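See structure below.
The values are calculated or read from the model by the stated rules, or taken from the named source; none is laboratory data. Fair warning: this is a prediction, and the values are worked out from it, not measured in the lab. Glycine also receives a Cβ, built like all others from the backbone with ideal geometry; neighbour counts cover every protein chain displayed.
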Amino acid sequence: MEKDLQELVRESLLLSSIFETHPYRFSDYSFVVFPAAKAYEGFLKKLFFDLEFISSEEFYGKRFRIGKALNPSLDKEYRNESVYDKLANFCGGKDLANKLWNAWKMGRNLIFHWLPDEKNAVTFVEAKERISLVLDAMGDAFKECELGRKATKKLANIN
C-alpha cells in the first residue's frame with residue numbers, strides 16, 4: 001500500500017486510541033473513520049488499476065466512481081463498467097466482492113453522507129468496527145487478488 005494511504009490508516013488508528021479515553025463524548029465519531037475511508041478509496045482504485053480492471057484514464061481521472069463500479073446491484077446496461085463482476089471472477093469469488101462492497105458501503109459511503117431520514121451517526125464502538133471492516137477488506141483483497149495474479153502469471157508462463 002502506498003505511503004500516503006498507510007499514513008491515513010495510521011491516523012484513524014491514532015484517533016481511535018486518543019478518543020478511547022477522551023472524557024468528552026461526541027454524538028458522531030465518523031471523523032475517526034474518515035482517514036481510513038479515504039485510504040480504502042485509494043487502495044481500491046489502485047487495486048482495480050493494478051489488476052487492469054480500470055484504465056489509466058479512469059485511475060488518474062476524476063470521473064470514475066468506485067461505488068458505482070463495485071455495486072453488486074448495478075443495472076444491466078452498465079454491467080460492462082462493473083468491477084464487482086471482475087473481482088468475483090478473478091479474486092476470490094463473490095465472497096470477496098461482497099466483503100469489499102460492504103466495507104465500501106459501511107466504512108465509506110454511510111460515513112460520509114448525511115440524508116434527512118438517515119443521519120448515519122456512529123458511536124465510538126461502531127467507528128472502531130468500521131475501521132476494522134475496512135482494514136480486513138483490504139487485507140483480504142490483497143491476499144485473494146495476489147493469489148489470482150500469481151495464478152494468471154503461471155498460466156501465462158505455461159502457454
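Give just the number: which of (1) within 21 Å of D140 (Cα to Cα); (2) outside any loop (DSSP other than H, G, I, E, B) does E57 not satisfy?
(1)
Residues in segment 109-159 that are part of a helix (DSSP H, G or I) and at pLDDT below 70: how many?
Count: 12.
State whether the residues of segment 86-101 include one that is at pLDDT 90 or above, among the aliphatic types (A, V, I, L, M) and within 15 Å of A36 (Cα to Cα).
Yes, segment 86-101 contains at least one residue that is at pLDDT 90 or above, among the aliphatic types (A, V, I, L, M) and within 15 Å of A36 (Cα to Cα).
Looking at F49 and the list (1) in contact (Cβ under 8 Å) with a residue 40 or more places away in the chain; (2) part of a helix (DSSP H, G or I), which single condition is not satisfied?
Checking F49 against (1) in contact (Cβ under 8 Å) with a residue 40 or more places away in the chain; (2) part of a helix (DSSP H, G or I), the one that fails is (1).
Would you be able to tell me the number of residues in segment 1-27 that are within 24 Å of L100 (Cα to Cα) and in contact (Cβ under 8 Å) with a residue 60 or more places away in the chain?
Here the count works out to 5.
Within segment 64-76, is even one residue out of contact with any Lys or Arg (no Cβ under 6 Å at 6 or more places or on another chain), at pLDDT below 90, under 29 Å from E20 (Cα atoms) and not in a helix (DSSP H, G or I)?
Within segment 64-76, not a single residue is out of contact with any Lys or Arg (no Cβ under 6 Å at 6 or more places or on another chain), at pLDDT below 90, under 29 Å from E20 (Cα atoms) and not in a helix (DSSP H, G or I).
All but one of (1) surrounded by 14 or more Cβ atoms within 10 Å (Cβ to Cβ); (2) modelled with pLDDT of 90 or more; (3) among the acidic types (D, E) hold for E81; state the number of the condition that does not hold.
Every condition holds for E81 apart from (2).
Does segment 91-125 hold any residues that are among the aliphatic types (A, V, I, L, M) and within 13 Å of A141 (Cα to Cα), and which are they?
Answer for segment 91-125, where residues must be among the aliphatic types (A, V, I, L, M) and within 13 Å of A141 (Cα to Cα): L96, A97, L100, A103.
From the list A88, A39, which one is of a type outside the set (S, T, N, Q), buried (at least 16 other Cβ atoms within 10 Å of the Cβ), within 18 Å of M138 (Cβ to Cβ) and without any contact (Cβ under 8 Å) to a residue 12 or more places away in the chain?
Selected residue: A88, the only one of A88, A39 that is of a type outside the set (S, T, N, Q), buried (at least 16 other Cβ atoms within 10 Å of the Cβ), within 18 Å of M138 (Cβ to Cβ) and without any contact (Cβ under 8 Å) to a residue 12 or more places away in the chain.
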